[in-house]
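Report on one structure; see the data block that follows.
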Amino acid sequence: MHPFNPYKIKISQLVAFVAIADHGTFSAAALALDLSQSTVSHAIAALEAELGVQLIKRSRQGAQLTVVGDRVMKEAHAILRHLDNISQEANQARGLRGGQVHIAAYRSMATHLLPSAISRLHDLYPTIKVKITEFDEFYNIEKALLNGQADLSVAELPEGDEFETWEILCDDYLALMPPSFTGPTQLTWADLAAYPLIVSSVNTCSHRIHNCLKTVETSLNIAYELREDSTIIGMVLRNLGAAILPRMAAEPIPKGIKVCKLPCVLTRTIGIAMLKDALHPPAVYAFLDALRQAGMFT
């Protein structure tokens, strides 16, 4: 028999072993670890093969530790605790025990995108504080980055070599039709021309819509230009006209409003930006990691 080499044991195998002991079944452990059941089973089989002993008895009642499995479990718990301690010491040394991240964002981004990332950040680094400043106009967001008032932005992506950017999503513009509208979801310009048009007066959004409408031969009646998205939606809901808004700015869309596709493709790219050469605190990079773990970008 070859001598046992403990350094061949993988941390992922110990994590799977502890999860099965904690949750009682392979399937429950897989669910808790967000892995497939076959992956967990393979990890345990590899661990048992490496150790040369059976750690878990499989039965209809679930997974039960053998006598040696119970003793190994105590040591596995200790190893994982030590790893947590190592992580905490490293985080403290990197300044992640505290700190603050300043974010400049559109209201819709702060509402729909940031909460999941902040929740993930607080799971990893509970003492890091997040300050969000909401802006209507993109130039104010860009100015906040350049002046150091914000570490990161979550909005449309700025141009220029001084910025480092990551794309999150492509946000489509929608036509929001009043409850009285009975036409198809794919609109023509004639469909829109039949209603007073309500658009945003925010420069970034307004310019994009106006530039699109300049190419249209059909005469459209822009009856209202309003700053607040909620006011625009409220007017549509009361049959005062049709609106054009980005999807994320419109949500949540009240029942009764008809969501339709514009006759043209109109979108905006939303992402994260930061100054490339600025000296950012460790908390900023921790927040970027949280955004990645939340699946917002790779």
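Some points to look at:
- Among the numbered conditions (1) free of Cβ contacts under 8 Å to residues at least 12 places away in the same chain; (2) under 31 Å from the mean Cα position of the chain (by Cα), the only one that Gln61 does not meet is (2).
- Taking the criterion of being in a helix (DSSP H, G or I) and under 32 Å from the mean Cα position of the chain (by Cα), the residues of the stretch 4-20 that qualify are Ile11, Ser12, Gln13, Leu14, Val15, Ala16, Phe17, Val18, Ala19, Ile20.
- Matching residues in the stretch 105-136 - criterion: being in a loop (DSSP other than H, G, I, E, B) and in contact with a Lys or Arg (Cβ under 9 Å, 6 or more places away or on another chain): Tyr125, Thr127, Ile128, Asp136
- Residue within the stretch 183-198 that is within 30 Å of Lys143 (Cβ to Cβ), outside the structural domain of Asn147 (by TED's automatic domain parsing), touching a Phe, Trp or Tyr at 6+ places or on another chain (Cβ under 7 Å) and surrounded by 13 or more Cβ atoms within 10 Å (Cβ to Cβ) present: yes
- Identity of the residue in the stretch 33-68, in contact with a Phe, Trp or Tyr (Cβ under 7 Å, 6 or more places away or on another chain) and within 14 Å of Val18 (Cα to Cα), that ends up surrounded by the most Cβ atoms within 10 Å (Cβ to Cβ): Val40
- For the stretch 200-237, the candidate set comprises residues that are among the acidic types (Asp, Glu) and either assigned to a loop (DSSP other than H, G, I, E, B) or touching a Lys or Arg at 6+ places or on another chain (Cβ under 6 Å) (or both); within that set, the residue that is modelled with the lowest pLDDT is Glu217.
- Among the residues making up the stretch 229-258, a single one is at positive phi and buried (at least 16 other Cβ atoms within 10 Å of the Cβ): Gly241.
- Residues in the stretch 35-84 that are basic (Lys, Arg) and either at pLDDT 90 or above or outside any helix (DSSP H, G or I) (or both): Lys57, Arg58, Arg60, Arg71, Lys74.
- Residue in the stretch 80-95 that is β-branched (Val, Ile, Thr) and within 30 Å of Cys170 (Cα to Cα) present: no
- Enumeration of residues in the stretch 160-199 that are over 30 Å from Asp277 (Cα atoms) and assigned to a strand (DSSP E or B): Asp172, Tyr173, Leu174, Ala175, Leu176, Met177, Gln186, Leu197, Ile198, Val199
The values are calculated or read from the model by the stated rules, or taken from the named source; none is laboratory data. Note that the structure is a prediction, hence the values are computed from the model and not measured. As a convention, Cβ positions derive from the backbone with ideal geometry for all residues, glycine included, and neighbour counts pool all protein chains shown.
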